[in-house]
Amino acid sequence: QVQLVESGGGLVQAGGSLRVSCAVSGRTLSSLAMGWFRQNPGKEREFVAAINWNGIRTYYGDSVKGRFTVSRDNAKNTVYLQMINLKPEDTAVYYCAADPNHFITRTRGDYDYWGQGTQVTVSS
């Protein structure tokens with residue numbers, strides 16, 4: 001069993017920064033590729049970032065590349081998404097996801113476990 005709990009969301013002004021976290025339990029974190037997705041009401045869940053088991057490889061969605069950084073601390077059982085220069089279009093519920101079967105993936109369907117999400121709202 002794998003449990004993922006996101007935290008750190010909130011309201012931020014455009015141009016500001018925010019870091020969201022994902023606490024992982026039920027599985028050794030080093031056995032999991034991790035991802036971040038986001039979703040607005042009525043839209044498909046969008047890929048944001050991914051990181052392999054030891055942090056050597058990362059992927060980013062085109063809309064966040066250069067502004068967001070994904071990292072992980074396996075000793076703390078936590079994955080992070082640092083967001084800078086936030087834009088109103090970044091407003092979404094941000095979801096953490098885990099995949100025990102791939103080195104790294106940006107494909108939504110590859111992820112087996114999902115958190116409940118944390119709301120990030122960027123005001124203009």
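Roughly to the nearest percent, how much of the accessible area of segment 47-124 is carbon and sulfur, given a 1.4 Å probe? Whole-percent figure for carbon plus sulfur exposure: 45. Rounded to the nearest 20, the size of the Cβ-charge dipole of the chain about its Cα centre is 180 debye, with Lys and Arg at +1 and Asp and Glu at -1.
Roughly how many nanometres apart are two label points built 7 Å out from the Cα toward the Cβ at residue 69 and residue 123? Calculated label separation equals 2.8 nm. Straight-line reach from residue 87: which lysines have a Cα under 28 Å away, not including same-chain ones fewer than 8 places off? List returned: 43, 65.
Heavy-atom accessible surface of the chain, averaged per residue, reaches 49 Å², computed with a 1.4 Å probe. What the Cβ-Cβ distance of residue 106 and residue 11 gives, at R0 = 25 Å and to the nearest 0.05, is a FRET efficiency of 0.35.
Taking Cα pairs under 8 Å and at least six residues apart, what relative contact order does the chain come out at, in percent? Relative contact order comes out at 36 percent.
The values are calculated or read from the model by the stated rules, or taken from the named source; none is laboratory data. In this text, all values refer to a predicted model and were calculated from it rather than measured experimentally. We place every Cβ from the backbone using ideal geometry, glycine too, and count neighbours over all the protein chains shown. Please note that ligands, DNA and RNA were not included when accessible areas were found on the heavy atoms of the full protein model with its side chains. Shrake-Rupley method; radii C 1.70, N 1.55, O 1.52, S 1.80 Å.
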